Structures are given as C-alpha cells and as structure tokens.
Amino acid sequence: MQTAAAPRWRQPSILPGFGLALGVTLTALSLVVLIPLAGLVLKAASIGPAEFLAIARAERTVAALRLSFGASFLAALVNAGFGMLIAWVLVRYRFPGRRMVDAAVDLPFAMPTAVAGIALAAIYAPNGWIGAPLDTLGLKVAYTPLGVVVALVFIGLPFVVRTVQPVLEEIEPEVEEAAALLGADRRRTIFTVILPSVFPALATGFVMAFARAVGEYGSVIFIAGNVPMVSEIAPLLIVIRLEQFDYAGAAVVGVLMLAASFVMILLLNLLHGGLRRRLGHV
Amino acid sequence: MSVAVRIEAVTKLFGPFPALRGVSLEVEPAELVALLGPSGSGKTTLLRVIAGLEEQNGGRVLFDDIESHRLSLRDRRIGFVFQHYALFRHMTVADNIAYGLKARPRRERPSSEAIRQRVGQLLDLVQLTGLEKRFPGQLSGGQRQRVALARALAIEPRVLLLDEPFGALDARVRKDLRQWLRDVHRRTGHTTLFVTHDQDEALELADRVAILNDGRIEQVGTPDDVYDKPATPFVCGFLGESNRIGVELAGGQAFLGDTPIFPATHNNGRGAADLFVRPQDVRMEPPGGQGLAGVVAAVRRHGAIRRAEVAVAGLARRLDVDLPSAIVPAIGETVGLKIVRATVFGPSA
C-alpha cells in the first residue's frame, strides 16, 4: 500500500491529494474491513476442506442460510413497494403531521434492534394486538419464518425510502405535465415516466435493505422463535456455534454468508450500474 | 369567422396575488403570436392557462369555438414545448417523439409501422435524422429543444404553445433556432403562441406580438405596429430604447422649461406629459439653434452604431443620441439637438 502513484496511474486532477486520500482510504479499509474478514476466512480454512464441506452441507446450516437469504429477499421486495409508496406520499403530498411521518421513517435506524424485536414479538404474538386477530384467521406470524420477514421489513424500510425520496423530489413537474398533454393518463404517466426514472434509486435501496437484512440479528431472534431448521437464521447459528466454542464452525457459516452476500450485491450493482449509465446520471 | 384560440377576460390569482387581470386575445388559424413581457408580467401563466395546466379564476378559453373546460388535457390536443425541454430522460429520442402516439387509446393508435414512419418524418423536419437511438442526456441543448418540438408536433396539435423555447440556450444557437422555427412554422402551419422576454425574438418571429405587463395586455399588433405606434408608455419604454423626457404641453408644443423642443401637433392638451424619443430620432446639430442644447458626456460603441450621451440642463438623465459616422463630437463639446420624431403620452384634449 504505497501512497506514491506508479507512473501508469494518471493523476485524475490537477488538484493534489490523490495519493494521500487513497492511502488513508486503503489503510482504514484494511483495518476495519479487509483484515478482520481475512482473519475470518483463515479461521474457516484452518479446519481443512473436508470438514469445511461437511459443515457447509449440514442440513441445519443450509436451512439457516436459506431462511436468512430468502427472508431478506422477500423483506427487501416488500420494502421496495412499501418504501416507494411512503417516499411518494412524503414527496408529493402536504398534510398535517408530514414531518412526524418523515422522522418516524428513520426510527428503525436509531432504535436498538433488540427493542424493536421485543416490540414486534409482543404485538405479533398469538395474544398480541395484531397477532390475535391474525391468529383467528389462522395466520401465525411470531415464532415462524413469517415473523423473520416482518422483523427484516422493519429494519430495512428506511433504506428504500431514503434512497428514492431525493430522486422523486428531483423529477420536474414539467415532465409529468408533458406526458399529460401528450395524452397519457395518470396510470400511464406513472408506469412509463415516473417509475423508470426512479428505478435506479429503487434498486439501490433494494440492495441496501437486502444487505442490511442478511446481517440482521438483534430484532429477528426475539420474534423468530429460533426453531432449528424452521426459523433459525444464519447469524443466530453463528452465535450458537460460538457459545459451543466451535469457532471453526462459526467461521465456516460466516464465510458462506460473506461469499453469498458479496456475489449477490455485486451482481445487483453491476445490473443497475448499466441502467444508470444509460439514463445519463452518474 | 374562424378563430383558432379565443381568450376572453381571463383572470388568474395565485393566492391573493393576481397574475392575470382580465386578458383577452384572439389568435387566427396558422398565426404565429408572441407573448412578450418582462418577468412577472403573466405571460407564462397565460400560456399555462391556455394549455390547461392552470385553471383560470374567471373568463373563458375557446378552441375553434369549443369551450376548453369541456375538453380533457388529451382532447385539447395542445403541443407544449417547455423551456427546460422536459424530455423523458430514460427514453430514446425516437421513443420520446412517439410517446404521444403510443399514448392514444388502442382504437385510435396508429400501427407501429405508421408510428415509426411518423417519427422518421418528424426527425427529418427537426433535422435530427440519425440520432433516434440517442438518449436526451447525449444531446446538446439545441438538439434537445428540437426533440421536444418534434414530440409536441407528433400529436398533430390544434395549437402549439412554446414557453421561452430558446431561453436556456446560448445566443448563437438561439439565432439559428429562431430562423429554423420560422421555417418549420411556414411548412407545418400550426397555430402557434410562444412566450418570450426577448423582444428581438418576438419582433423577428411573430406575425403579431401581444405585450403583457402586470397581468394585462398593453397592446396587440404586428411587430411594426407595436414598435412604431406604441399604444402605452409601457410599450414605448419596453420595446427598443427610448429617452423619456418630462415636458409641459401647451398650444401644440412640448416645452422643456421654456424651450419648445417638439411640435406635438396632434395633441391639444395642456399640462405635464411624457415625451418618448428613440436615440435614432435625435439629430445632433451645431449649437446656437432654437431647440435643445447639451454637453457631450460620453461616446460609446453600440454594435454597428456610435452613441453619444448628452447631458441637458433640466434633465436628470443624459439623452442617448445615435450618431451618423460623419459626426465625431468631442467630449465636453456643446451641441444642439433636434428631435425628429417622438411619441407623446400625456393629457389629451
């Protein structure tokens, strides 16, 4: 990690600072992200490939990973729709209490996740405010995989709202007026003009909500019930392995999550990087 | 008698603030009319009321004698060109132009082959053939505005409305587009209203110019009419350059102090009046004559002509006087001034 630029690295601007900035960035990134992750991979590798595969293929591991990624994907999908709607309402309408709603969107960022988990569990439990009526309909939320999705929707919501909101604000009213004068009805305007313009932001929000959900631990464990093979998420499985002093086992699950997350986020970013370029912004 | 757009006593309030105070205007088929005025005069508001993007508080707008509020935005068939283009950024040029055709209800929608042909014709008309696959972000400002015009023309509009169409472009491109728009109008013959604050643009392009001020139409007429026979002091001061001289009228003469400076023969009123004199209508003469006299304070170049600023006793502002090339006054020289032509606004008989 040298700060001096090799000859083939073109100075990007006449303003100085590239070398220093890149050096600090790489150092910080190494200390905080790269070295700990490398340690994780080393730990997992220390047990040898045969054992690694055995842990990776264990039924309980596979079930936990499937639940973590499946529920996160579902929750991110729900957030994409729901968050888009909230952003729309906040940007387009002026109503009493708008600022309160706007502030409330950020609460999942700020609240201790355990508090959120306990609150959700209490409300969605079979005797809770929402859980009871749902129970009479035969729908169980708390202590099932559905409960996991509910918790992940909660913690991922602000990501979609906060990425879509500024883009919606930027859409000039003239564009919608132009569509209306050209004969498009409201529905057509929304689907052909508004949604395509916010799609890159929506995709970014989706990826962030998804990534956050995959790693979420605190709020989920209270509402999930944590039944192995049914409602046990991968981060919990890691903690369980640690409590059993099975450090290598924990590391293996960690590495699997790391690899899967990295690949999925990279794919999504590549996909919508292409979209962004086509639209001419960024 | 046919009138393409008839505006009757339209008023529009924004909160307590009146943006239009009873505007009436008739536009004939295939006419090109400019709405000219300073910012805040209500010209854009008027255009948006005609388009149906704002609802008037009073008065009526009629298209071919049909009351506009009976028509939906779609049925008004307004081609609208926005100052900042308002193109759909995520669509190609071709898709932008085809948008209005594709938005029609299924039974009125042309076949995709017909749409493709129409887009081709329009691209040809706006001289952008070959750029149909580009995105708006990859075009220059002038090209974007031409795409916006093609998109508006695609729906075969009843009326074409342009809101400061060249306002966001640099001077050179503006001039080119002006001629080009004139040409397109001649070939397509759409009834057209455009808003501008640029008087050169209005006078050069329009068949008729409507001058707005403070929510009212001050004067409507051909460019020659409004320039040579301004109906109000505002029009006189707004169009072209004028010296405004406060005078006393008496016996068909305009006096500055005791000096008779201009014969106002058609006006027999008495009392204070305003004399508007264009710089080219003042002649510089040797001093010692009957009329005005002053001291040359500065000589500057003003494009093709030279212009002198002459300080005249009794006037707070210096008079602008255009100079023929033969006359080269020295700074500080005393000169005589003869007003050849002027417009008088003041007490009428």
B:SER24 versus (1) closer than 25 Å to B:ASP200 by Cα; (2) in a loop (DSSP other than H, G, I, E, B): which is the lone unmet condition?
(2)
Per-region count, segment B:127-178, residues under 17 Å from B:GLY100 (Cα atoms) and among the β-branched types (Val, Ile, Thr)
3
With B:ALA168, B:ALA148, B:ALA154 as the choices, which residue is within 13 Å of another protein chain (Cβ to nearest Cβ), in contact with a strand residue (DSSP E or B) (Cβ under 6 Å, 6 or more places away or on another chain) and over 30 Å from B:THR232 (Cβ atoms)?
B:ALA148
Just to be sure before I move on: is B:GLY271 free of Cβ contacts under 8 Å to residues at least 60 places away in the same chain, on the phi > 0 side of the Ramachandran plot and surrounded by fewer than 17 Cβ atoms within 10 Å (Cβ to Cβ) in the structure I sent?
no
Filtered residues of segment B:65-86 (kept if facing chain A (nearest Cβ under 8 Å), part of a loop (DSSP other than H, G, I, E, B) and open to solvent by less than 60 Å² (accessible area, probe 1.4 Å)):
B:PHE82, B:ALA86
With the condition kept exactly as written, say whether any residue in segment A:155-167 is within 14 Å of chain B (Cβ to nearest Cβ) and either among the basic types (Lys, Arg) or under 30 Å from B:MET91 (Cα atoms) (or both).
yes
Out of all the residues in segment B:113-121, is one or more within 14 Å of another protein chain (Cβ to nearest Cβ) and touching a residue at least 24 places away in the same chain (Cβ under 8 Å)?
yes
Give the residues of segment A:176-206 that are open to solvent by less than 10 Å² (accessible area, probe 1.4 Å), in contact with a helix residue (DSSP H, G or I) (Cβ under 6 Å, 6 or more places away or on another chain) and either within 12 Å of chain B (Cβ to nearest Cβ) or among the β-branched types (Val, Ile, Thr) (or both), sorted by residue number.
A:ALA179, A:LEU181, A:GLY183, A:THR189, A:VAL193, A:VAL198, A:PRO200
For segment B:52-64, enumerate the residues that are within 17 Å of B:LEU160 (Cα to Cα) and more than 10 Å from chain A (Cβ to nearest Cβ).
B:GLU54, B:VAL61, B:LEU62, B:PHE63, B:ASP64
Out of curiosity, is A:ARG99 without any contact (Cβ under 8 Å) to a residue 24 or more places away in the chain, of a type in the set (D, E, K, R) and not in a loop (DSSP other than H, G, I, E, B)?
yes
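The values are calculated or read from the model by the stated rules, or taken from the named source; none is laboratory data. Predicted model only: the values in this text are computed from it and were never measured. Ideal geometry is used to build each Cβ from the backbone, glycine not excepted, and the neighbour counts take in all protein chains shown. Protein only, heavy atoms only, side chains kept; ligands, DNA and RNA dropped before computing areas. Shrake-Rupley method; radii C 1.70, N 1.55, O 1.52, S 1.80 Å.
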